[in-house]
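Notes for the one structure printed next.
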Amino acid sequence: MIRVSGLREGKKLFKALGSDIRIAILELLLEDDNMNLNDLATALNLTNGALTSHIRQLEEAGMIAVNTKNSAGNEKKYCVTAERILVQIRKERESSNHYETDIKVGSYSDYMVAPSCGLSTATHYIGQVDDPRYFSHPDRAECEILWFTEGYVEYILPNLLPPNQKADQITISAELCSEAPGSNNQWPSDIHFYLNGVLLGAWTSPGDFGDIKGRFTPEWWNANMNQYGLLKSVTVNHDGSFIDGIKMSDTTIDRLELHQNSPVRFRFAVPAEAEHVGGLTIFGKSFGNYNQDIKVRVEYSPKEKSSRNPGKLL
């Protein structure tokens, strides 16, 4: 997903999409991600020279990239990299009552996973791949990517609510995809999200992406493994639960009854009973397309006083 947080920030992207030729290039690549410059030029009845500037603009806007899996030698073949474009036209009012934290991918507090599975730091695998026992290895604190076919990992989120404050919104952002044997861009997986054991909703990951190398994925990483994911943002507030702003369920933050001393546990899961049991991969800073770990943002406000008892906080 490409995120644009303002009109001026999106000028390069808007310009790239403001051409019938560049739209046609995207449409062709969505149908066939194995096309090179000659193929595209022939399909569009253009010279290679005339097409080059259009390709460059789409690359600079982050819409397409060289398909390393299907490219050989000097022959560049292209693919579309963006699943979705999110444009924030009006800036949201920044809440002064909030805190943000980053959580390492390997800092889970509980897990139950089934092969294929594994963990890796930025420089090496942790233990043996496909052996769930290594999910309890002490080196998991340095883990930058993990994957499993079925099960869950659960993280304890820091509860830094000040006294007499209530949580209004919690947002968890992470780069995610499915987990296929090797990689497979067409490998759906129903990834479920839980907060304190309450299901917020689910998102179907379209695949386990290995067509191009992730921007931050190390050079030593096997080309047949998952290379990058999609940046997803899960939010729960007083209106319900959302993923990338799209409502998943009517589960609200009020149902969770969070207070200053509440544990806050967030779970990523692929249940055995899901329609698409296609696994889960979570990317940290050293892998994928986004230079981040799991990001957490909590917004809060003062508790309201009871009208029946003005001294009592609700």
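The values are calculated or read from the model by the stated rules, or taken from the named source; none is laboratory data. Note that the coordinates shown come from a computational prediction; the quantities given were computed from them, not determined experimentally. Positions of Cβ are generated from backbone atoms using ideal geometry, with glycine treated the same way; all protein chains shown enter the neighbour counts.
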> Within region 124-141, how many residues turn out to be touching a Ser or Thr at 6+ places or on another chain (Cβ under 9 Å) and surrounded by 19 or more Cβ atoms within 10 Å (Cβ to Cβ)?
Replying inline: 2
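Mind listing whichever residues of region 281-300 are assigned to a strand (DSSP E or B) and out of contact with any Lys or Arg (no Cβ under 7 Å at 6 or more places or on another chain)? Before you say what the answer is, go through the steps one by one.
Step one: filter region 281-300 for residues assigned to a strand (DSSP E or B), giving 281-283, 294-300.
Those that are assigned to a strand (DSSP E or B) and out of contact with any Lys or Arg (no Cβ under 7 Å at 6 or more places or on another chain): THR281, ILE282, PHE283, ILE294, LYS295, VAL296, ARG297, VAL298, GLU299.
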> What number of residues in region 256-306 are more than 21 Å from GLU100 (Cβ to Cβ) and surrounded by fewer than 14 Cβ atoms within 10 Å (Cβ to Cβ)?
Replying inline: 7
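Is it true that HIS137 is without any contact (Cβ under 8 Å) to a residue 24 or more places away in the chain and more than 22 Å from GLY197 (Cβ to Cβ)? Steps first, please.
On the way: without any contact (Cβ under 8 Å) to a residue 24 or more places away in the chain: yes; more than 22 Å from GLY197 (Cβ to Cβ): yes.
In short, yes.
Let's see how each residue does on (1) under 17 Å from the mean Cα position of the chain (by Cα); (2) of a type outside the set (Ser, Thr, Tyr):
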{"position": "ALA122", "(1), (2)": "no, yes"}
{"position": "GLN128", "(1), (2)": "no, yes"}
{"position": "SER136", "(1), (2)": "no, no"}
{"position": "GLU154", "(1), (2)": "yes, yes"}
{"position": "LEU161", "(1), (2)": "no, yes"}
{"position": "ALA167", "(1), (2)": "no, yes"}
{"position": "SER173", "(1), (2)": "yes, no"}
{"position": "ALA180", "(1), (2)": "yes, yes"}
{"position": "TYR194", "(1), (2)": "yes, no"}
> What number of residues in region 223-272 are part of a loop (DSSP other than H, G, I, E, B) and touching a residue at least 60 places away in the same chain (Cβ under 8 Å)?
Replying inline: 16
> Considering region 191-235 alone, what residues qualify as being in contact with an Asp or Glu (Cβ under 7 Å, 6 or more places away or on another chain) and of a type outside the set (Lys, Arg)?
Replying inline: ALA202, THR204, ASP208, ASP211, ASN226, GLY229, LEU230, LEU231, SER233
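I need the full set of residues from region 13-25 which are part of a helix (DSSP H, G or I), surrounded by fewer than 17 Cβ atoms within 10 Å (Cβ to Cβ) and modelled with pLDDT of 90 or more, in order please. Let's see the steps before the verdict.
Within region 13-25, the first condition is being part of a helix (DSSP H, G or I), and the residues that meet it are 13-17, 20-25.
When the remaining residues are screened for being surrounded by fewer than 17 Cβ atoms within 10 Å (Cβ to Cβ), the result is 14-15, 17, 20-21, 23-24.
Within region 13-25, ASP20, ILE21, ILE23, ALA24 qualify.
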> If you take the residues of region 142-159 that are aliphatic (A, V, I, L, M) and surrounded by fewer than 24 Cβ atoms within 10 Å (Cβ to Cβ), which of them is nearest to ASP130 (Cα to Cα)?
Replying inline: VAL153
> Assuming TYR111 fulfils every condition listed in (1) in contact with an Asp or Glu (Cβ under 8 Å, 6 or more places away or on another chain); (2) part of a loop (DSSP other than H, G, I, E, B); (3) at pLDDT 80 or above apart from one, which condition is it?
Replying inline: (2)
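Step by step: first the residues of region 56-72, then only those that are in contact with a helix residue (DSSP H, G or I) (Cβ under 7 Å, 6 or more places away or on another chain) and buried (at least 16 other Cβ atoms within 10 Å of the Cβ), then the one that is farthest from ARG215 (Cα to Cα). Which residue is that?
Step one: filter region 56-72 for residues in contact with a helix residue (DSSP H, G or I) (Cβ under 7 Å, 6 or more places away or on another chain), giving 57-58, 60-61, 63-65.
With buried (at least 16 other Cβ atoms within 10 Å of the Cβ) added as a condition, the list becomes 57-58, 61, 63-65.
Details: GLN57: 18, LEU58: 16, ALA61: 14, MET63: 14, ILE64: 13, ALA65: 11 Å.
Among residues in region 56-72 that are in contact with a helix residue (DSSP H, G or I) (Cβ under 7 Å, 6 or more places away or on another chain) and buried (at least 16 other Cβ atoms within 10 Å of the Cβ), the one farthest from ARG215 (Cα to Cα) is GLN57.
Going by the structure shown, is GLY182 out of contact with any helix residue (DSSP H, G or I) (no Cβ under 6 Å at 6 or more places or on another chain), buried (at least 22 other Cβ atoms within 10 Å of the Cβ) and in contact (Cβ under 8 Å) with a residue 12 or more places away in the chain? Steps first, answer last, please.
On the way: out of contact with any helix residue (DSSP H, G or I) (no Cβ under 6 Å at 6 or more places or on another chain): yes; buried (at least 22 other Cβ atoms within 10 Å of the Cβ): no; in contact (Cβ under 8 Å) with a residue 12 or more places away in the chain: yes.
Considered against the rule, which asks whether it is out of contact with any helix residue (DSSP H, G or I) (no Cβ under 6 Å at 6 or more places or on another chain), buried (at least 22 other Cβ atoms within 10 Å of the Cβ) and in contact (Cβ under 8 Å) with a residue 12 or more places away in the chain, GLY182 comes out as no.
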>> Being among the aliphatic types (A, V, I, L, M), closer than 18 Å to GLU100 by Cα and out of contact with any Leu (no Cβ under 9 Å at 6 or more places or on another chain): is that true of ILE156 here?
In response: yes
